[in-house]
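Report on the following structure.
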Ligand SMILES: Cc1cc2nc3c(=O)[nH]c(=O)nc-3n(C[C@H](O)[C@H](O)[C@H](O)COP(=O)(O)OP(=O)(O)OC[C@H]3O[C@@H](n4cnc5c(N)ncnc54)[C@H](O)[C@@H]3O)c2cc1C
């Protein structure tokens, strides 16, 4: 069977490496390396590299890697087209194009850095101090603000957010995050709705906030490609899949990672995260393998257990959550929290290295 996997992030890599190797597997991605996206704030803080060549991760597996930007999927005649005109036919497609920082607020694309441009941000911050505004009080914005404040003490860091920072954590979790922000000298502007990013900073409902550098850490959006291909998508453009992670409109297409809206029993639609994105991808590969062997594919099972957040290199919070991903008053803060988060990041990337040799080794909580 010809299987094409598009996207080589956490989800695409997990799926490609777990597929039975008697298939012809082609892995297509915009870059020739896998980027540990969960470490992009570390990259902005000067970590030299967070990427590994695809050739290294797929060595000896028989997986053919292709570097190229996918511009279209024709889900009816089953082809994938790249920007340079190359075309790939498939029997089964694994769609894993992930997500990116939503830059739809005016001025973001022109005047702000996002996590995707971490190397450029690092270069700019190394060039000299000033006023830095990080927009977004979710986990990504907080990780950015704390990491950058710790690494670049000559920058005066502000966190600008509509809701309370880390609003999704428990009371204890939020308290620890607030303490870390204060310790690192990050000033927090809550209740602030940013209307536009300008060359001088931010225009907000409450007036202007001046900044020399703006980092945008708002919500994630997904590529329009799935909708354009005619796959059934939800209101955010994420592909709607069945319990075995196949598109409900096109059963030859499995959708994994952030690109998929997976209805998890008891927990609702999947959170855009590695925490569930990798399990989704691993299970999709199992479903493809099972069907190719003439067996029934099982429904996806998953249980949220924790949320993790780093607060610089020496502090963090591990937040225990219920089955539905809501927080309980149980956290592991401080150095221990930072260490557990580091172990989880290592597990995510390390599991790909291991899967090269042991395809079914990736484990997740069910
Ligand atoms: C700073 C930061 C910190 C984070 N921290 C955490 C965390 O602690 N825990 C957690 O669970 N999640 C975290 N996340 C979220 C996590 O990174 C994403 O949920 C995860 O990367 C999704 O994996 P994915 O494989 O679906 O997509 P991605 O990792 O985004 O990979 C998508 C892949 O598709 C490729 N691609 C995209 N478009 C095209 C195209 N048109 N043609 C060809 N290739 C294309 C990309 O190059 C990439 O290889 C964090 C994100 C950021 C930005």
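The values are calculated or read from the model by the stated rules, or taken from the named source; none is laboratory data. Nothing here was measured: the structure is a model prediction, and the numbers come from that model. Cβ: placed from backbone, ideal geometry, glycine included. Neighbour counts: every protein chain shown.
Numerical summary
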{"quantity": "Top-ranked residue of segment 71-89 - restricted to ones that are assigned to a strand (DSSP E or B) and surrounded by 15 or more Cβ atoms within 10 Å (Cβ to Cβ), ranked as farthest from the ligand (Cβ to nearest atom)", "calculated": "79"}
{"quantity": "Segment 226-235, residues that are out of contact with any strand residue (DSSP E or B) (no Cβ under 6 Å at 6 or more places or on another chain) and within 14 Å of the ligand (Cβ to nearest atom)", "calculated": "228"}
{"quantity": "Only listed residue being more than 12 Å from the ligand (Cβ to nearest atom) and within 15 Å of residue 169 (Cβ to Cβ), chosen from 365, 359, 327, 299", "calculated": "327"}
{"quantity": "Meets criteria (touching a strand residue (DSSP E or B) at 6+ places or on another chain (Cβ under 8 Å), modelled with pLDDT of 95 or more, within 11 Å of the ligand (Cβ to nearest atom) and more than 20 Å from residue 118 (Cβ to Cβ)) for residue 97", "calculated": "no"}
{"quantity": "Any pair with Cβ under 7 angstrom, 6 or more apart, that starts in segment 196-218 at a residue that is assigned by TED's automatic domain parsing to the domain that holds residue 139 and at pLDDT below 95 and ends at one that is surrounded by fewer than 21 Cβ atoms within 10 Å (Cβ to Cβ) and in a strand (DSSP E or B)", "calculated": "205/195"}
{"quantity": "Selection count, segment 11-50, where residues are away from the ligand (no atom under 13 Å from the Cβ), under 27 Å from residue 271 (Cα atoms) and buried (at least 17 other Cβ atoms within 10 Å of the Cβ)", "calculated": "2"}
{"quantity": "Any hit, segment 236-255, residues being modelled with pLDDT of 95 or more, assigned to a helix (DSSP H, G or I), crowded, with 16+ Cβ neighbours inside 10 Å and within 15 Å of the ligand (Cβ to nearest atom)", "calculated": "no"}
{"quantity": "In segment 122-165, the residues that are surrounded by fewer than 21 Cβ atoms within 10 Å (Cβ to Cβ), more than 16 Å from the ligand (Cβ to nearest atom) and not in a loop (DSSP other than H, G, I, E, B)", "calculated": "123, 124, 126, 130, 131, 155, 156"}
{"quantity": "Single residue of 181, 159 found to be touching a helix residue (DSSP H, G or I) at 6+ places or on another chain (Cβ under 6 Å) and not assigned by TED's automatic domain parsing to the domain that holds residue 47", "calculated": "159"}
{"quantity": "All positions within segment 219-237 that are in contact with a helix residue (DSSP H, G or I) (Cβ under 6 Å, 6 or more places away or on another chain) and either in the same structural domain as residue 116 (by TED's automatic domain parsing) or closer than 19 Å to residue 109 by Cβ (or both)", "calculated": "222, 237"}
{"quantity": "Qualifying residue in segment 15-34 (condition: under 13 Å from residue 97 (Cα atoms), within 15 Å of the chain's Cα centre (by Cα), at pLDDT 95 or above and in a strand (DSSP E or B))", "calculated": "yes"}
{"quantity": "Answer residue from segment 265-280, given it is outside any loop (DSSP other than H, G, I, E, B) and touching a residue at least 40 places away in the same chain (Cβ under 8 Å) and is farthest from the ligand (Cβ to nearest atom) among those", "calculated": "268"}
